[in-house]
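Reviewing the structure listed below.
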Amino acid sequence: MNLEHYHYFNSHDYRAYEFYSEGPKGRITKLVLFTKVPDTEPPFYNLAFGDKNPLTGELDDKVKSNNSDRDIVLATVANTIVEFCHHYDDPYIYAEGSTPVRTRLYQMGITGLWDEISAAFDVFGLYNDQWYKFRPNSVNYEAFLLKRR
Amino acid sequence: MPAIVKNTTKGFGHGIVSSEVKNHDNDPFVVKKVEKAKETIRRVGFPEIKKK
């Protein structure tokens, strides 16, 4: 990934990542979390992404922070995915927004970074209970699966 | 209005390991998302990845 991205911090087990979005709304802490989904074969991880609630410290993926740095934020998330894959033997990664609008934002993010992502990952979109190879600017997918080649 | 200074870089760079970054596996929101992911994969399975 050769795109501008934020520096980030990660947990000792490389499954939780934090970075600061800087923009007109100030400094907002972002979280990217990879959580193993139990009892599945092959193993896969759920990706959750959003703002860190300053009061609870928990992830809130319903906030729309609009900090005028979307591309940098998405490139940072992409970097955390690469880092996670380095440490976890390239498992499937599942991503779905908490709402259809949020999932659409994920899709726009993948589309925006498509040249970089498609060079290293197989990406699938879920549509009507079927997985399809992800195609930018096609249908509105309901969820995504990524696997590094 | 003060200038916005972004702490960014280019190219792939590793993160900084920090004990301040906590595990969130038991956050209610995360638990709910994991359950939903599991339910979806149980229903539709995994896609076929063709070997070259």
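Since every read-out is calculated from the coordinates, none of them should be taken as a lab result. Not measured: the values here are computed from a predicted model. Every residue, glycine among them, receives a Cβ derived from its backbone with ideal geometry; neighbour counts consider all protein chains shown.
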Query raised in the report: Out of A:124, A:42, A:19, whose Cα points farthest toward the positive end of the dipole of region A:9-148 (charges: +1 Lys, Arg; -1 Asp, Glu; placed on Cβ)?
Result: A:19
Query raised in the report: Under a Cβ-Cβ cut-off of 12 Å, what is the net charge of the residues other than residue A:59 that fall near it, where Lys and Arg count +1 and Asp and Glu count -1?
Result: -1
Report summary line: Stretched fully, the stretch from residue A:63 through residue A:149 gains (0.36 nm per residue minus C-alpha distance, one decimal, in nm) 27.7 nm
Query raised in the report: Under a plain spin-label model, where a point goes 7 Å from the Cα along Cα-to-Cβ, how far apart in nm are residue A:27 and residue A:86?
Result: 2.4
Query raised in the report: How big is the equivalent ellipsoid of region A:9-148 along its three axes, where each semi-axis is √(5λ) from the Cα gyration tensor, reported in whole Å from largest to smallest?
Result: 23, 18, 14
Query raised in the report: Kirkwood Rh, Cα Rg: Rg to Rh for region A:31-85?
Result: 1.03
Report task. Work through the residues other than residue A:103 whose Cβ is under 11 Å from its Cβ and net out their charges, Lys, Arg +1 and Asp, Glu -1. Result -> -1
Query - Peptide A:93-103 - average C-beta neighbours from other chains (10 Å radius) - result: 2
Query raised in the report: Rg to Rh for region A:1-59: what is it, with Cα atoms only and Rh by Kirkwood?
Result: 1.05
Query raised in the report: If you average 1/r over all unlike Cα pairs in region A:95-149 and invert the result, what Kirkwood radius do you get in angstrom?
Result: 11.1
Query raised in the report: Which angle between 0 and 90 degrees, to the nearest 10, do you get for helix A:70-87 versus the longest principal axis of chain A when only C-alpha atoms count?
Result: 60
